[in-house]
Structure formats: C-alpha cells, structure tokens
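A short write-up of the structure that comes next.
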Amino acid sequence: MGGSGLCVRDLSVGYGPVRAVRGVSLEVPEGTVVAVLGGNGAGKSTLLRAVSGTLPFHGGAVTGGTVTLDGRRLDGLGPGRVVAAGVSQSPEGRRVFARMTVADNLRAGLLGARGGRPARAAALRRAHELFPVLAERGRQRAGLLSGGEQQMLAVARALMAAPKVLLLDEPSLGLAPLTARRIADTVREINEQGTSVLLVEQNAALALRLASRAYVLEVGEVTLSGPADELAASDEVRRRYLGVV
Ligand code: ATP
C-alpha cells in the first residue's frame with residue numbers, strides 16, 4: 001500500500017460532529033514540494049495535524065482513510081513516533097517557546113529525532129547555515145525575535161529532527177512580503193538539500209511558485225489539483241486565490 005513518499009488516502013477527520021476533512025487524497029513524492037491552497041476554515045491545518053499525529057491535542061480524530069510514508073502507516077501514531085518515522089511539522093502561528101532561548105528552542109526540536117550526537121550536531125549546523133541569525137541570537141529569548149525570525153526558528157526547529165518530509169503550516173502568515181520571500185527562498189533551499197515539503201498556504205502566489213504540484217481544498221474536500229504551473233494559469237485559481245479578475 002502506498003508508494004514512496006508521503007501518501008494520504010481518502011482521509012477524513014472530525015472534531016466531534018464537525019467534519020473538517022472529507023475523503024482527501026494527496027501525494028508528496030520523495031524530493032518534491034507540494035502545496036495545499038484554500039481559504040479560512042478549508043481544513044488545511046486539520047490535514048497537517050492528521051499527518052503529524054497532533055490531532056488529539058485539538059480534540060480531533062481520524063475517522064477514515066490512511067496516511068503512509070514510504071508505505072508505512074503513520075495514522076494512529078503519536079507525534080513523537082511520527083517525528084521518529086521522518087515527518088516533522090512547523091505549526092501555524094509559529095509557536096516558538098517565547099521564554100526559552102533560541103538555542104533551547106532548537107534543542108527542543110531534537111526530541112524524538114533519529115540519530116546520535118554527530119547527527120544532532122550536523123542538524124544544528126544545517127539550521128545555523130540556513131538561518132545565520134539563529135546562530136547570532138542563540139542566547140536570546142525567542143520571544144524577543146521579530147515575527148520573521150520566529151518563523152525561521154519554527155522551521156529550523158522542525159528541521160532539527162532531520163525529517164524526510166517537512167510539514168509547513170502558513171509560513172508566510174503575517175510577514176512582510178520581503179520576509180515572506182526570504183522564507184520561501186529558504187524552503188526551496190531545504191528542498192534542494194533533499195527534504196520533501198508539504199506546504200499549506202493562503203498565499204497562493206507564493207505557494208505556487210515553490211511547489212511542483214498543488215491541491216485546492218474547499219470545505220474539507222479537494223476540488224482541484226494538478227501541476228502548480230497549470231493551477232497558476234487556471235481561471236478559477238486566478239480569480240479565487242490569486243486575486244486576478
Ligand atoms: P485557517 O487557515 O483559518 O486555519 P484551515 O484551512 O487551516 O483554516 P482548519 O483550521 O483545518 O482550516 O479548520 C477546518 C474546520 O474545522 C473549520 O470548520 C474549523 O472551524 C474546524 N476546526 C478546526 N479546529 C477545530 C477544533 N479544535 N475544534 C473544532 N473544530 C475545529
């Protein structure tokens with residue numbers, strides 16, 4: 001069941017009676033960036049929570065379907081085991097530990113990570129190379145960083161576990177355009193280093209530039225999917241998500 005990469009099949013998720021995700025199927029083939037677009041409440045965050053095993057913390061549950069990585073079932077695993085299996089998430093709203101130092105935030109990303117001390121040192125080196133500001137400000141409290149820097153920290157923390165697949169929930173949210181572009185450039189660099197990315201974004205223009213494939217989610221269902229350049233050219237996507245009339 002399922003090929004290589006991350007594979008979501010017929011996934012349904014409920015928060016009690018609220019059916020937030022309804023029969024969604026999507027694939028993130030190894031080495032690719034795949035985007036999920038959709039407006040407020042479409043079910044994007046819920047989809048990522050189902051993959052990362054964090055749904056129970058939000059009162060939700062998978063009611064049908066499967067999530068696999070390289071053919072191995074992830075649904076039903078807790079978040080620590082999902083990280084150990086090679087999938088880690090940078091959550092919506094950044095959620096850095098504001099009172100902890102930047103360096104301790106990064107160390108927190110090692111919980112559940114695979115590999116011994118050399119792998120951990122390599123992960124820290126990689127995070128510092130991608131985001132030099134995090135090395136410069138390692139001893140500062142994370143809460144003192146700017147919004148863009150906190151977003152960088154959230155992404156870097158997720159990378160500390162050296163995931164095969166990185167889940168990004170709205171990395172551009174609330175950031176100035178230039179800062180959002182810098183984050184996007186780094187996501188591309190992370191992908192070029194071999195990490196697959198499942199990117200959830202309301203900023204469709206940014207997401208379609210980064211991704212090779214995209215899915216549009218509306219009220220919990222996939223209504224459109226295809227190569228990113230085709231979606232970017234489609235009238236419906238241009239009108240509804242790119243603000244082109
Ligand atoms: P946004 O960008 O606004 O976060 P989204 O596409 O990520 O939107 P979700 O947050 O996944 O959407 O929400 C999908 C649906 O599930 C919405 O109807 C929302 O009200 C509902 N929902 C989300 N979280 C919960 C929760 N913890 N308990 C109950 N309902 C929830």
Which fully enclosed strands (runs of 3 or more DSSP E) of region 8-95 have 3 or more residues being within 14 Å of the ligand (Cβ to nearest atom)? 18-28, 33-37, 61-69
Taking region 1-46, which residues are among the β-branched types (Val, Ile, Thr), closer than 28 Å to GLN193 by Cβ and either surrounded by fewer than 18 Cβ atoms within 10 Å (Cβ to Cβ) or without any contact (Cβ under 8 Å) to a residue 40 or more places away in the chain (or both)? THR32
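Of all residues in region 139-171, how many are within 16 Å of the ligand (Cβ to nearest atom), farther than 11 Å from ASN105 by Cα and either of a type in the set (D, E, K, R) or assigned to a helix (DSSP H, G or I) (or both)? Give the derivation first.
Residues of region 139-171 that are within 16 Å of the ligand (Cβ to nearest atom), as a first pass: 151, 154, 167-171.
Subsequent filtering for residues that are farther than 11 Å from ASN105 by Cα retains 151, 167-171.
Cutting the leftovers down to either of a type in the set (D, E, K, R) or assigned to a helix (DSSP H, G or I) (or both) gives us 151, 169-170.
Number of matching residues: 3.
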Scan region 207-245 residue by residue and report those that are within 19 Å of the chain's Cα centre (by Cα) and aliphatic (A, V, I, L, M). ALA207, LEU208, LEU210, ALA211, ALA214, VAL216, LEU217, VAL222, ALA228
Quick check on region 115-125. Is at least one of its residues more than 16 Å from the ligand (Cβ to nearest atom) and either in a loop (DSSP other than H, G, I, E, B) or within 15 Å of the chain's Cα centre (by Cα) (or both)? yes
Please work out if ALA233 is surrounded by fewer than 16 Cβ atoms within 10 Å (Cβ to Cβ) and out of contact with any Gly (no Cβ under 8 Å at 6 or more places or on another chain). yes
Residue that is surrounded by the most Cβ atoms within 10 Å (Cβ to Cβ) [pool: residues in region 126-146 that are under 18 Å from ILE183 (Cα atoms) and among the basic types (Lys, Arg)]: ARG137
Mind counting the residues in region 214-227 that are surrounded by fewer than 21 Cβ atoms within 10 Å (Cβ to Cβ) and within 17 Å of VAL33 (Cβ to Cβ)? 3
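Restricting the search to region 164-179, which residues are open to solvent by 10 Å² or more (accessible area, probe 1.4 Å) and modelled with pLDDT under 95?
Residues of region 164-179 open to solvent by 10 Å² or more (accessible area, probe 1.4 Å): 164, 172-179.
Across region 164-179, the qualifying residues are SER172, LEU173, GLY174, LEU175, ALA176, PRO177, LEU178, THR179.
Counting only residues that are closer than 16 Å to LEU199 by Cα and free of Cβ contacts under 8 Å to residues at least 60 places away in the same chain, which one in region 47-57 is most open to solvent (accessible area, probe 1.4 Å)? Lay out the reasoning, then the answer.
Filtering region 47-57 down to residues closer than 16 Å to LEU199 by Cα leaves 47-52.
Subsequent filtering for residues that are free of Cβ contacts under 8 Å to residues at least 60 places away in the same chain retains 49-50.
On the way: ARG49: 50, ALA50: 9 Å².
Among those residues, the one meeting the criterion is ARG49.
The values are calculated or read from the model by the stated rules, or taken from the named source; none is laboratory data. Just so you know, these numbers come straight off a predicted model, no measurement behind them. We place every Cβ from the backbone using ideal geometry, glycine too, and count neighbours over all the protein chains shown. Accessible surface areas use protein heavy atoms only, side chains included; no ligands, DNA or RNA. Shrake-Rupley method; radii C 1.70, N 1.55, O 1.52, S 1.80 Å.
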